[in-house]
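Colleague: Below is a structure I'd like to ask you about.
Read-outs throughout are calculated quantities, based only on the coordinates presented, and are distinct from any laboratory measurement. Note that this is a predicted model, so its numbers are computed, not measured. Note: ideal-geometry Cβ built from the backbone for every residue, glycine included; neighbour counts use all protein chains shown.
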Amino acid sequence: MKKIEPRDWIPLIKPYTKPNVARSLRQVANTLLPLLLLFYLAHRALSVSLFLTLALDALAALFLVRLFILQHDAGHGSFFPKKWMNDLLGFLAGVLTLVPYHHWQLSHARHHATSGNLDKRGVGDIYTMTLEEYLKASPWDRLKYRLYRNPWIMFFLGPIYVFMLSYRLPLGYGSDKPSVRNSVALTNLFLALLLAGIVAFFGVKTLLFVYLPIQYLAGMIGIFLFYVQHQFEDVYWEHNPRWEHLKAAMEGSTYLKLPKVLQWLTGNIGFHHIHHLAPKIPNYLLPKVQEEVDLVKVAPTVTLKDAFKIAFADMHLYDEESRKLVGFKEAHQRLREAQGKKAY
């Protein structure tokens, strides 16, 4: 992509950055009400069939993912025109999604400001080592990184660690800020009241077989979506000062082309390249941008089938020479070659 200055592309995007309050409220209603209904139906299904309960849990998890996308928009100030409206929705949604609003908002803003920047990795992203860093790392550090990037650990244990443990503590980026600590504490307080209410009104069985599976499945879907939107073979990474925002968006994020139903349930997050280009665009206007603005049509397109291949592919290290993600197999081949040369 040739260099395009912000003055050239910002006017193309700006008309789409104005939220529509009625449309936003409609999204809240058509997300939250089905979520609550499915929770109740899954609770009632416990007396009929555990399989039916889990099937309803899976559907509810998709609506919980959709609710997180609304919270995500609120965190960018793109869902409502007023800050207090965004913050109120973001906080209340965060109690349901297990994501403390202000804590996440801060690290996610950092992610947007540094996505694709090799000099600013590690906050709000899926950490990616370069091939050179991996080859120079100690055996213990290589093992830790391999475990972290293992898809079975990331997608199946990751939801428990991230949403049920990590987000319960004000750790990491921004943890020194009182607003972050207070956000986590207040979210945990409301969450404790919610869990107590579920046990009191629905019982422990509903907590174990309805609430927790919904949270777990939603977390798994969320991590999967985030992973495939920034981890693909030709992904953009660059050092300062050559890093460019437009390239980071168009070449460092995918257009995840989902079936219409899944596109709706995931709040159009598949248009991730547009979102990274202009996070002030509400999720419900992203498809319109994709249709009307030629600038965004250059982003790599990934289907759902492609996404599953990406998620389980051996592409975990960025090779600065080839400018591609490569796998542990290639890295360890290089290690063996280097060891052979030393022995020789």
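Colleague: Once you have a ≥ b ≥ c as the square roots of the Cα gyration tensor eigenvalues for the stretch 206-280, tell me rounded if a/c is under 1.5, and otherwise prolate or oblate according to whether a/b is larger than b/c.
Modeller: prolate
Colleague: Counting other beta carbons within 10 Å of each Cβ, put F226, F232, F312 in order, fewest first. All intermediate terms of the calculation are to be shown ahead of the outcome.
Modeller: Working: F226 16, F232 22, F312 10.
Fewest-to-most Cβ neighbours within 10 Å comes out as F312, F226, F232.
Colleague: Please report the antiparallel percentage of the DSSP beta bridges confined to the chain, to the nearest 5.
Modeller: 40 percent
Colleague: Still on this model: What is the distance, in nm, between label points placed 7 Å from the Cα along the Cα-to-Cβ direction at M164 and at K205?
Modeller: 2.0 nm
Colleague: So what is the relative contact order for the stretch 282-331, in percent, with contacts set as C-alpha pairs under 8 Å and at least six apart? Numbers along the way, then the final one.
Modeller: On the way: 24 pairs, mean separation 9.8, N = 50.
Worked out over the stretch 282-331, it gives 20 percent.
Colleague: For the chain, what does the alpha-carbon gyration tensor say about shape, rounded, prolate or oblate, given a ≥ b ≥ c as the root eigenvalues, a/c under 1.5 as rounded, and a/b over b/c as prolate?
Modeller: oblate
Colleague: Which chymotrypsin sites (Phe, Trp or Tyr not before Pro) in the stretch 81-156 sit in a loop by DSSP (not H, G, I, E or B) and have at most 12 other Cβ atoms within 10 Å of their own Cβ?
Modeller: Filter output for the stretch 81-156: Y127.
Colleague: Would you mind calculating the relative contact order of the stretch 213-272 from Cα pairs under 8 angstrom and at least 6 residues apart, reporting the percent as a whole number? The partial results should precede the final answer.
Modeller: Details: 37 pairs, mean separation 17.7, N = 60.
After rounding, I find 30 percent.
Colleague: Please sort through the DSSP H helices of the chain and keep those with an alpha-carbon extent of at least 18 Å along the long axis and a Kyte-Doolittle average not below 0.5.
Modeller: Qualifying helices, which must be both long enough and hydrophobic enough, are 21-45, 50-75, 83-97, 178-201, 212-228.
Colleague: Pull up all non-local amide H partners of T130: gap of 5 or more, or a different chain, and H-to-H distance under 5 Å with H placed in the peptide plane.
Modeller: Sorted by chain and number, the residues that satisfy this are Y318.
Colleague: Could you sort out which of K177/K324; K309/K329; K82/K247; K18/K324; K83/K177; K177/K280 sit more than 28 Å apart by Cα distance in this structure?
Modeller: Too far apart for the 28 Å limit: K177/K324; K82/K247; K18/K324.
Colleague: Now a separate question. Would you mind pulling out the separation of the Cα centroids of the stretch 9-48 and the stretch 214-248, in Å?
Modeller: Computed from Cα coordinates, the inter-centre distance equals 23 Å.
Colleague: Sorted from largest down, give the three principal axis spans of the alpha carbons of the stretch 131-222, whole angstrom values.
Modeller: The principal-axis extents, from largest down, are 55, 34, 19 Å.
Colleague: Neighbouring Cβ atoms within 10 Å as the yardstick, rank I153, I269 fewest first.
Modeller: Placing the least packed residue first, the sequence is I153, I269.
Colleague: If you don't mind, there's one more thing I want to ask. Given contacts defined as C-alpha pairs under 8 Å and at least six residues apart, what's the relative contact order of the stretch 31-183, whole-number percent?
Modeller: 18 percent
Colleague: Further question: Along the charge dipole of the stretch 4-62, Cβ charges K/R +1 and D/E -1, which of L46, P15, V28 sits furthest on the positive end?
Modeller: The one lying farthest along the dipole's positive direction is P15.
Colleague: Does the stretch 72-190 come out rounded, prolate or oblate, given a ≥ b ≥ c as the square roots of the eigenvalues of its C-alpha gyration tensor, rounded meaning a/c under 1.5 and, failing that, prolate meaning a/b above b/c?
Modeller: Working: a/c = 2.38, a/b = 1.77, b/c = 1.34.
It comes out prolate by the Cα gyration axes.
Colleague: If I model a spin label at S175 and L25 as a point 7 Å from the Cα along the Cα→Cβ vector, what separation in nanometres do I get?
Modeller: Taking the two extended label points, one gets 4.1 nm.
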